[in-house]
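Here the structure is laid out as structure tokens; the discussion comes afterwards.
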Amino acid sequence: AQSVAQPEDQVNVAEGNPLTVKCTYSVSGNPYLFWYVQYPNRGLQFLLKYITGDNLVKGSYGFEAEFNKSQTSFHLKKPSALVSDSALYFCAVRDLNTGFQKLVFGTGTRLLVSP
Amino acid sequence: DVKVTQSSRYLVKRTGEKVFLECVQDMDHENMFWYRQDPGLGLRLIYFSYDVKMKEKGDIPEGYSVSREKKERFSLILESASTNQTSMYLCASAQSSGNTIYFGEGSWLTVV
């Protein structure tokens, strides 16, 4: 079965410092990987995806993610964190065993950026 | 921009009531989804629809049903609400040929 793991419930970082939110995946075949962000009391917003191609994927709001096949990871990164980046981040993988875009989500990582 | 609209953001219902959660998308997407979000569990798929009047069960369909009478509208129905259905419900849509799923703002349901 396809799955993703987000090993950290919370990540704390100071504003201006680089941030990393970790995600590892387990799939059979080539993975389709996604990152979403959820601000308080809001829905999920799409940040970026990896389907194929360059291992470094750039997304919205200055975020990027690095696909690493040997480590089965897809960590979300940003060079300089903002207080406004504080939110809940979800990694997801498409379940390719189904004929539609079923996403399997991780449990989420709360990012707290302090001033 | 894709717009997925969930008309009810916050609802409080009594145990045993029938509950309707409505979702509308404006991008002519073929596929629509209902997810449930709970702390520590992430998002779990309840139901999926790939066309008008067509539906497929997700991972946790028990206690729920859905209706898709028009392409742009996908409703989640709780036939007899129970307290363990207190949760955040997220509607989403996607093109059948695409990979990206777009989510609505969510509906917070409390069953008392």
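Charge dipole of chain B (Cα centre as origin; +1 on each Lys and Arg Cβ, -1 on each Asp and Glu Cβ, all else neutral): 280 debye, rounded to the nearest 20.
Can you compute the charge dipole magnitude of chain A about its Cα centre, using +1 on each Lys and Arg Cβ and -1 on each Asp and Glu Cβ, nothing else charged? Give it in debye, rounded to the nearest 20.
So the dipole magnitude of chain A works out to roughly 220 debye.
Between B:Gly98, B:Tyr47, B:Tyr64, the Cα set farthest toward the positive side of the dipole of chain B (charges on each charged residue's Cβ, about the Cα centre) is that of B:Tyr64.
Residues B:Leu43, A:Leu111, B:Leu11, A:Leu56 in ascending order of nearby Cβ atoms (within 10 Å, fewest first): A:Leu56, B:Leu11, A:Leu111, B:Leu43. Bridges between two residues of the protein assembly as shown, per DSSP, are antiparallel at a rate of about 90%. Per residue of peptide A:97-106, the mean number of Cβ atoms on other chains within 10 Å of the residue Cβ is 6.
Once divided by 2.2 N^0.38 Å, the Cα radius of gyration of the protein assembly as shown becomes 1.01. Over chain A, Cα pairs under 8 Å with separation of 6+ residues give a relative contact order of 37 percent.
With only the Cα atoms considered, the range A:1-69 has a convex hull volume of 121 Å³ per residue. Applied to the range B:94-109, the Karplus parametrisation 6.51 cos²θ - 1.76 cosθ + 1.60 on θ = phi - 60° returns per-residue 3J(HN,Hα) values of 7, 5, 5, 8, x, 10, 8, 9, 10, 9, x, 7, x, 10, 8, 10 Hz, with x for Gly and Pro. Per-residue 3J(HN,Hα) values for the range A:78-84, derived from phi via the Karplus relation 6.51 cos²θ - 1.76 cosθ + 1.60 with θ = phi - 60°, read 8, x, 9, 6, 10, 4, 5 Hz in sequence order (x marks Gly and Pro).
Only Lys, Arg, Asp and Glu carry charge here, each on its Cβ (+1 for the first two, -1 for the last two); on that basis the protein assembly as shown has a dipole of about 200 debye about its Cα centre. What the Cα convex hull of chain A gives, in volume per residue, is 99 Å³. Please list, short to long, the whole-number percent of alpha-carbon pairs of chain B in consecutive 5 angstrom bins beginning at zero. Using 5 Å bins, I get a P(r) of 2, 13, 24, 27, 19, 10, 4, 1, 0 for chain B. Sorting B:Asp28, B:Asp38 by the number of Cβ atoms found within 10 Å of their own Cβ, with the fewest placed first, yields B:Asp28, B:Asp38. Please compute the contact order of the range B:1-95 in relative form: average sequence separation of alpha-carbon pairs under 8 Å and at least six residues apart, divided by the residue count, as a percent. Computed value for the range B:1-95: 36 percent relative contact order. Taking θ as phi - 60° and the Karplus parameters 6.51, -1.76 and 1.60, the scalar couplings of the range A:45-57 work out to 10, 5, 9, 6, 8, 10, 10, 6, x, 4, 6, 9, 10 Hz in sequence order, x denoting glycine and proline. For the protein assembly as shown, none of the cysteines stands unpaired, since each has another cysteine beta carbon under 4.7 Å from its own. Picking from A:Val21, A:Gln2, A:Leu112, whose Cα lies most toward the positive end of the charge dipole for chain A (charges on Cβ: Lys, Arg +1; Asp, Glu -1)? Value computed over the given set: A:Gln2. The mean count of C-beta atoms from other chains within 10 Å of the C-beta of residues in A:35-45, rounded to a whole number, is 4.
Read-outs: derived from the displayed coordinates by stated rules, not from any lab. Computed from a prediction, not measured in an experiment: that's the story for all the values here. Please note: Cβ atoms are built from the backbone with ideal geometry, for glycine as well, and neighbour counts cover all protein chains shown.
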